[in-house]
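Trainee: Below you will find the structure I want to go over with you.
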Amino acid sequence: MNANLEIAKDLGVSLKNGVPAAAFFAPDGKPVGITNQGELEPARQYDARQVLTFLRRVAEQHRIEKPR
């Protein structure tokens, strides 16, 4: 359970809003965003379309917001 806590901390990922938590990077290695506001906390309730839309928004627009 605690295996990746140091990596999360080094990347600036806060786990206070629960897991899953994620950090996203552009192909050049620059940070795109982090889900530090609990955007993925209720992930069990998201369907595949919501997750795909979330990931596309991150990849294409560099926006981190809760799936709708």
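Trainee: May I ask you to list the residues in the range 27-67 that are within 13 Å of the chain's Cα centre (by Cα), of a type in the set (Lys, Arg) and either closer than 15 Å to Asn17 by Cβ or in a helix (DSSP H, G or I) (or both)?
Mentor: Arg56, Arg57, Lys66
Trainee: So for the range 56-65 (the condition being at pLDDT below 90 and of a type in the set (Gly, Ala, Ser)), does at least one residue qualify?
Mentor: Within the range 56-65, not a single residue is at pLDDT below 90 and of a type in the set (Gly, Ala, Ser).
Trainee: If you don't mind, another one. Keeping to the range 58-68, report how many residues are more than 14 Å from Ala26 (Cβ to Cβ) and either among the hydroxyl-bearing types (Ser, Thr, Tyr) or open to solvent by 40 Å² or more (accessible area, probe 1.4 Å) (or both).
Mentor: So the count comes out to 3.
Trainee: Something else about it: Looking at the structure I just gave you, is Pro20 part of a loop (DSSP other than H, G, I, E, B), free of Cβ contacts under 8 Å to residues at least 24 places away in the same chain and under 13 Å from the mean Cα position of the chain (by Cα)?
Mentor: Yes: the conditions hold for Pro20.
Trainee: Could I ask something else about it? Working only within the range 1-42, note down all residues that are of a type in the set (Ser, Thr, Tyr) and either open to solvent by less than 30 Å² (accessible area, probe 1.4 Å) or out of contact with any strand residue (DSSP E or B) (no Cβ under 9 Å at 6 or more places or on another chain) (or both).
Mentor: Within the range 1-42, just Thr35 meets the criteria.
Trainee: If you don't mind, another one. Consider Val13 carefully, then state whether it is assigned to a helix (DSSP H, G or I) and either of a type in the set (Val, Ile, Thr) or touching a Gly at 6+ places or on another chain (Cβ under 6 Å) (or both).
Mentor: So Val13 does not fit the description; no.
Trainee: Still on this model: Any residue at all in the range 46-56 that's surrounded by 14 or more Cβ atoms within 10 Å (Cβ to Cβ) and of a type in the set (D, E, K, R)?
Mentor: no
The values are calculated or read from the model by the stated rules, or taken from the named source; none is laboratory data. On a predicted model such as this, the values are computed, not experimentally measured, just so you know. All Cβ positions, glycine included, derive from the backbone under ideal geometry; neighbour counts span all protein chains shown. To get the accessible areas, we keep the full protein, side chains included, count just its heavy atoms, and leave off ligands, DNA and RNA. Shrake-Rupley method; radii C 1.70, N 1.55, O 1.52, S 1.80 Å.
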